[in-house]
Amino acid sequence: MMQMLAAGGLEPLTDGRRGADASNPRGYFEWEKVKTLPQQPNCIAEAEGKAVKVISSLLPSLPAAFHYKVIFLERSLTEVVASQACMIQKLGAQASALAPEAMERALHAHLKQLKAALRSRREMSILWVEHQDVLRDPQRVCEGLQSFLAVALNLPAMIAQVDPSLYRQREANLLPNNRELDVSL
Amino acid sequence: MQPHTRKVLLIGWDAADWKIATPLMDQGLMPCLNDFVNCGVMGNLATLQPVLSPMLWNSIATGKHADKHGIHGFIEPDPNSGGVRPVTSTSRRVKAIWNILTQKGFKTHVLGWFAGHPAEPINGVCVSDLYPIATAPPDQPWPLPDGAVHPESLRDPLSELRMHPAEVDASMVFPFIPKLQKVDQKKDHNLSAFVKTLSENVSIHNAATWILETQPWDFMAVYYNGIDHFCHAFMHFHPPRLQCIPEDLFELYKDVVTGAYRFHDMLLARLLYLAGRDTTVILCSDHGFHSDHLRPLGIPNEPAGPAVQHRRFGVIAMAGNHIKKDERIYGATLLDVTPTILTLFGLPIGEDMDGRVLVEAFDEAPQIERIPSWEQEPGECGMHPADLRMDPDSANAVLQQFAALGYIGPTDDQKKSVEIALREAKYNLARVYMDKRRPLQALPMFEDLYKQQPEQARFAQHLAQCYLALRRIEDAKRVLTELVNRPPAPKKRKQETEAAGAAPGSQELSPAGSGPSVSGAETAAGTNRPWADWLMGVIKFEEGDMEGALELLLRAEHAQRRMPDLHLRIGQAYLRLRRLEDAERAFHEALEIDADSAEGHLGLACVMLRKRQDDRAVEEALAAVSLQHFLPMGHFYLGVALARLAHFRRATLAFETAIAMAPGFLVAHRFLVAVNRRPGGDLAKAIQHKKWIGDFIRRRREALNK
């Protein structure tokens with residue numbers, strides 16, 4: 001999404017510290033300072049007029065003093081859990097103590113709590129974007145983004161960024177006994 | 001089942017204590033409370049262990065111990081900030097009374113309840129405990145936190161009713177601190193704590209009275225933290241002056257606690273007026289607060305250390321139609337509140353509830369129905385949806401996952417706070433199991449805590465007590481020996497204590513509680529260590545070496561006389577040695593320090609039985625079970641004394657109560673056989689208990705053979 005927005009003409013706020021890796025061969029658009037939002041919420045002032053990547057859990061820490069256009073990218077939590085487990089393995093970090101199903105439930109609850117908390121944030125307008133839709137119909141998603149952001153974007157360049165080959169943790173492949181299911185169908 | 005009331009108003013006064021309120025009522029300084037108890041019933045409300053308010057208020061609201069309701073402390077991991085947050089309503093696993101009443105269609109309101117955020121979608125108004133807290137200076141906007149009010153449509157009118165601490169002016173402070181002008185606010189920050197507590201309680205009260213005036217209702221629960229907060233901040237200034245308190249400060253603040261009680265009396269007057277005469281009102285507190293010579297001289301420098309100031313008895317008072325007038329009730333625990341409210345509304349109680357109905361408060365014995373559990377009853381109950389609820393361990397797992405991915409960067413302090421929150425939750429849950437007499441469930445938790453932090457004396461002590469409960473004397477001895485021989489650890493950082501919910505500014509002083517407690521990092525190294533003698537004396541006692549135990553316990557007594565539990569143990573050792581006069585003296589000493597010691601009266605009941613002074617044994621046993629209803633041995637001694645006095649029917653009742661509490665109480669079964677074999681007894685009962693004894697002995701023999 002960050003690549004799409006950058007290609008569309010929005011300036012990304014990134015520190016360029018995290019380079020490309022096997023999980024994300026095109027590189028990351030991280031801004032380390034965003035992690036200090038709970039302690040220094042006003043650091044977000046640096047992002048004014050730009051696009052910045054913020055993990056869901058940090059959204060409540062955004063100060064009310066600014067107006068935000070939030071593009072909330074949603075993905076199947078089964079895929080999210082599998083994808084995160086792969087990344088954690090590659091990073092050599094400690095894996096979660098929870099089983100994937102339990103982690104999925106916990107993330108689901110986290111998202112529910114978060115959405116409830118964001119409902120009353122009048123300074124935020126939120127566009128919910130399905131990850132699947134980006135892959136299936138990038139044209140429509142990009143038009144939606146342009147309309148939501150109310151700025152002229154380079155739509156062909158944005159659409160060109162969508163690379164289905166990077167979509168590795170497909171839910172269909174993660175279902176147990178997937179092959180048997182196919183046969184029976 | 002017929003309802004006994006149309007409406008119930010449940011008022012929570014955190015830390016309210018008859019020891020303080022009764023003299024004020026007698027002096028005419030709490031006229032409303034005085035009238036209220038005169039037209040209803042009053043009694044002590046025994047608390048639970050650990051004496052931590054979030055756990056206790058949720059036990060009051062659910063009728064269940066904390067292992068069932070899931071609130072295990074003050075704070076929990078917060079996946080949103082990477083740190084911790086006050087414990088939330090999404091962590092409670094079971095239905096509270098307002099959920100059950102919502103499910104049954106009653107119009108139900110709840111305000112300010114501990115662990116009440118985010119507000120639950122009940123059939124009425126829910127105002128969370130974050131509602132009254134000022135989050136910005138007075139010159140800046142002060143929006144309500146998200147989720148502080150349900151329904152959302154009442155957010156604006158309720159928001160307007162809040163009082164900011166800066167709105168508290170001198171005229172409001174004078175009744176509490178008449179010499180306000182002498183306070184040097186540059187050096188002395190007591191006033192800021194005072195105005196914060198006052199404004200928060202005014203905010204909750206404003207919301208409560210507004211709801212009573214404008215909304216239809218069947219049930220309301222409103223919680224005030226004022227007495228607890230005023231007492232934590234100002235009890236050490238309460239008369240009589242403690243030696244360590246300078247006279248000038250004493251003169252400034254000596255009236256605050258009294259003022260707090262009088263202030264609450266005025267709030268009560270308004271609530272009762274608005275509630276109307278057709279309402280049954282229940283006033284209760286989760287624990288008491290030491291206000292006399294038992295005030296601790298220091299606060300242990302450990303998470304939730306200020307809980308050492310809490311007394312084991314809170315208050316309960318009830319008034320309304322079908323409630324007795326001007327009477328006392330005995331043996332109530334805070335688990336009994338919810339079953340009693342259900343009965344008032346004519347609803348069944350859940351068999352999975354740990355409390356009982358306070359039948360003795362009703363003018364006629366109420367009909368009580370039971371269902372297996374309210375948790376399985378279908379219907380909308382106004383709890384947060386299941387997929388919104390997240391237990392602290394799952395919250396922590398999400399947090400760790402985000403951190404491992406580099407999405408969030410919790411600071412070292414935040415990581416430490418999360419670690420402390422999880423550790424304290426485990427410690428608190430283990431103590432709940434011990435309180436429920438389930439040492440086997442507590443053991444792995446205490447072992448893990450001790451393994452992680454052997455320098456924490458409290459972990460060692462609780463592990464040793466757990467081993468003792470399981471009759472693993474050698475293990476207990478090993479742990480205590482390690483504790484006694486360990487060199488002093490460096491003092492902990494202040495921040496660690498505060499992060500886990502302790503009041504800011506906790507001080508580390510010498511141990512002064514009623515139990516053999518030492519502060520977190522303290523060890524026995526040094527020469528003056530009465531608690532070490534005490535602990536090793538307990539080991540000797542458990543090993544059966546009464547002479548050795550007495551030598552150590554008396555040495556501890558010589559160094560520190562203010563510990564009632566020490567005198568209890570000395571009394572028990574004397575009892576084993578059949579030194580009845582010495583035992584009696586020791587139990588009296590324990591009761592001189594703490595007149596509300598059920599164990600002290602229990603010890604005296606035993607002494608009196610052995611001295612064949614059965615009338616006095618009855619008195620002491622009754623005093624013991626009045627203070628602590630769940631005391632099987634107290635009911636047993638009562639039964640023995642009554643049987644000797646030929647009150648066989650009452651004796652039978654006492655033995656049966658003991659057996660209901662401790663089903664394997666072999667001697668009580670034997671007494672029931674003997675009592676019921678007598679002319680006029682119930683022969684069928686005698687046969688039934690004789691059969692039980694036979695089965696029990698056979699099972700035990702088989703187990704031994706195996």
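The condition of being under 22 Å from B:GLY124 (Cα atoms) and within 29 Å of the chain's Cα centre (by Cα) holds for only one of B:MET383, B:MET390, that being B:MET383. Selection of the range B:19-39 for residues being touching a strand residue (DSSP E or B) at 6+ places or on another chain (Cβ under 6 Å) and crowded, with 23+ Cβ neighbours inside 10 Å yields only B:VAL37.
Note on the range B:331-449: enclosed helices (runs of 4 or more DSSP H) holding 2 or more residues that are within 12 Å of another protein chain (Cβ to nearest Cβ) are B:392-404, B:412-435. If you scan the range A:68-122, which residues turn out to be among the charged types (D, E, K, R) and part of a helix (DSSP H, G or I)? Listed by number, the residues that qualify are A:GLU79, A:LYS90, A:GLU101, A:GLU104, A:ARG105, A:LYS112, A:LYS115.
Residues of the range B:155-173 that are surrounded by 14 or more Cβ atoms within 10 Å (Cβ to Cβ), free of Cβ contacts under 8 Å to residues at least 40 places away in the same chain and part of a loop (DSSP other than H, G, I, E, B): B:HIS164, B:VAL168. In this structure, A:ILE55 does not satisfy being modelled with pLDDT under 85, within 9 Å of chain B (Cβ to nearest Cβ) and within 18 Å of A:TYR28 (Cβ to Cβ).
The rows are residues; the columns are (1) more than 11 Å from every other protein chain (Cβ to nearest Cβ); (2) buried (at least 18 other Cβ atoms within 10 Å of the Cβ).
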{"site": "A:GLU74", "(1), (2)": "yes, no"}
{"site": "A:GLU79", "(1), (2)": "yes, yes"}
{"site": "A:ALA99", "(1), (2)": "no, no"}
{"site": "A:LEU107", "(1), (2)": "no, yes"}
{"site": "A:LYS112", "(1), (2)": "no, yes"}
{"site": "A:LYS115", "(1), (2)": "no, no"}
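Selection of the range B:96-123 for residues being under 17 Å from B:LEU344 (Cβ atoms) and assigned to a loop (DSSP other than H, G, I, E, B) yields B:ALA96, B:LYS104, B:GLY105, B:PHE106, B:LYS107.
Among the candidates B:PHE630, B:PHE636, the residue that is out of contact with any Asp or Glu (no Cβ under 9 Å at 6 or more places or on another chain) and modelled with pLDDT of 95 or more is uniquely B:PHE636.
Filter the range B:202-223 down to the residues that are assigned to a strand (DSSP E or B) and within 19 Å of B:SER53 (Cβ to Cβ) and list them by number. Correct list: B:ALA221, B:VAL222, B:TYR223.
Of all residues in the range B:1-23, exactly one satisfies the criterion of being farther than 20 Å from B:ASP286 by Cβ and assigned to a helix (DSSP H, G or I), namely B:PRO23.
Being farther than 26 Å from B:SER417 by Cα and in contact with a strand residue (DSSP E or B) (Cβ under 8 Å, 6 or more places away or on another chain) is true of B:VAL8. Condition first: assigned to a loop (DSSP other than H, G, I, E, B), within 23 Å of B:SER417 (Cβ to Cβ) and away from chain A (no Cβ under 14 Å). Can you find one or more residues in the range B:132-147 that meet it? Yes, the range B:132-147 contains a residue that is assigned to a loop (DSSP other than H, G, I, E, B), within 23 Å of B:SER417 (Cβ to Cβ) and away from chain A (no Cβ under 14 Å).
The values are calculated or read from the model by the stated rules, or taken from the named source; none is laboratory data. Not measured: the values here are computed from a predicted model. Counting neighbours? That spans all protein chains shown, and the Cβs are built from the backbone with ideal geometry, glycine included.
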